[in-house]
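Taking it in order: structure first as structure tokens, then the write-up.
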Amino acid sequence: MNFDVNKLVWTRPPKQYRIAADQIEITTQPHTDLWQRTYYHFRNDNAPLLQMETSELYFSFVVKTDFSAACHRFDQCGVVLYLDSENWLKASVEFEDGQFQHLGSVVTNEGYSDWATTAIDGQIRTMWYRLSRRGDDYRLECSRDGVNFSQMRVCHLRKGGGAIRFGLYACSPEESSFTAVFSHMQVTECQWQAHDGQQPD
């Protein structure tokens with residue numbers, strides 16, 4: 001399987017974007033976001049998503065994100081796997097105040113989101129992500145250089161065992177807009193190796 005921009009399909013396309021074989025740009029619109037219920041009690045499901053579909057059970061997807069133009073609280077862009085409004089995952093850096101920002105991921109199963117984060121320096125303006133699939137289990141990783149990846153989380157999608165859609169997203173939950181840049185997109189053999197420790201029950 002190759003990452004082919006001609007196979008990408010929009011869910012809620014933004015008003016402004018640019019797609020080339022080696023680079024994709026998405027300009028966000030204000031008050032766009034993805035979140036379901038947990039803690040905040042609101043349901044936001046209007047972020048633009050650009051994804052391709054596959055039934056391949058074992059693969060990794062890599063992308064570099066450039067969010068240099070982000071300048072308002074919660075501006076974000078990253079990797080996404082979106083099945084429907086209540087079943088999806090994403091990883092991104094969310095702008096906070098210029099001093100620090102949140103590197104994190106959200107997993108949403110059956111209409112309830114969780115958010116795992118760590119604070120990183122506000123001067124970081126690019127981040128790589130690697131999304132790996134093994135059946136209906138998924139691994140999210142991040143990297144500053146595209147070579148050395150660190151695990152963000154391992155998770156399960158209850159509806160993620162068949163055909164899925166994965167790709168890119170960007171959004172601005174508050175009154176702001178910025179242009180997110182995606183590059184170095186590729187699909188490879190699964191870089192998340194089978195577990196070699198304790199055997200299944």
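Rolling a 1.4 Å probe over the protein heavy atoms gives region 87-133 an accessible area of 35 Å² per residue. Annotation: amide H of Gln191 within the under-5 Å range of Ser60, sequence separation 5 or more or interchain, hydrogens built in the peptide plane. Here the extension length gained between Met1 and Glu110 equals 36.4 nm, from 0.36 nm per residue of separation less the Cα-Cα distance. Normalising by the residue count of region 78-201, find the relative contact order in percent from Cα pairs under 8 Å and 6+ residues apart. Dividing the mean separation by the residue count of region 78-201 yields 22 percent.
For region 1-81, how big is Rg over Rh, using alpha carbon atoms and the Kirkwood form of Rh? Don't skip to the end; give the middle numbers.
Working: Rg = 14.2 Å, Rh = 14.6 Å.
My calculation of the ratio gives 0.97.
Here the simple spin-label model places points 7 Å from the Cα toward Cβ, and for Thr117 and Tyr40 these points are separated by 0.9 nm. The HN-Hα couplings worked out from phi for region 91-96 by the Karplus form 6.51 cos²θ - 1.76 cosθ + 1.60 (θ = phi - 60°) are 9, 6, 10, 9, 4, 10 Hz, whole numbers, x standing for Gly and Pro. Karplus-based coupling profile of region 164-169, in residue order and whole Hz: 10, 10, 9, x, 10, 8, with θ = phi - 60° in 6.51 cos²θ - 1.76 cosθ + 1.60 and x standing for Gly or Pro. Computed on protein heavy atoms with a 1.4 Å probe, the accessible areas place Lys90, Lys64, Lys159 in the order Lys159, Lys64, Lys90, largest first. A simple rule links phi to the HN-Hα coupling: the Karplus curve 6.51 cos²θ - 1.76 cosθ + 1.60 with θ = phi - 60°, which for region 97-112 gives 9, x, 8, 9, 8, 9, 8, x, 9, 10, 10, 10, 10, 6, x, 10 Hz, with x for Gly and Pro. Counting only residues at least eight positions apart within a chain, or on another chain, the lysines with an alpha carbon under 29 Å from that of Lys159 are Lys7, Lys64, Lys90. Using a probe radius of 1.4 angstrom, the carbon and sulfur fraction of the accessible surface of region 155-201 is 44%. Which of these values of volume of the Cα convex hull per residue in Å³ was calculated from the structure shown: (i) 122; (ii) 142; (iii) 225? Checked against the structure: label (i).
Loop-located GluC sites (Glu not before Pro) in region 168-201 (DSSP state not H, G, I, E or B) with no more than 10 neighbouring Cβ atoms inside 10 Å: Glu175, Glu189. Here is the list for region 1-41: chymotrypsin sites (Phe, Trp or Tyr not before Pro) lying in DSSP coil, each with at most 10 other C-beta atoms within 10 angstrom of its C-beta, are Tyr39.
Please give me, ordered by residue number, the GluC sites (Glu not before Pro) of region 56-152 that lie in loop per DSSP and have at most 12 other Cβ atoms within 10 Å. Hits after loop and neighbour filter: Glu56, Glu110.
Each Lys and Arg contributes +1 and each Asp and Glu -1, all at the Cβ; summed about the Cα centre of region 1-154, the dipole is approximately 120 debye.
Accessible-area rank, largest first, for Asp97, Asp33, Asp22, Asp4: Asp22, Asp97, Asp4, Asp33, with all protein chains present and a 1.4 angstrom probe.
The values are calculated or read from the model by the stated rules, or taken from the named source; none is laboratory data. Here the structure is a predicted model, which is why all the values come from computation and not from measurement. Cβ: placed from backbone, ideal geometry, glycine included. Neighbour counts: every protein chain shown. These area figures cover heavy atoms from the full protein model, side chains too; ligands, DNA and RNA do not enter into them. Shrake-Rupley method; radii C 1.70, N 1.55, O 1.52, S 1.80 Å.
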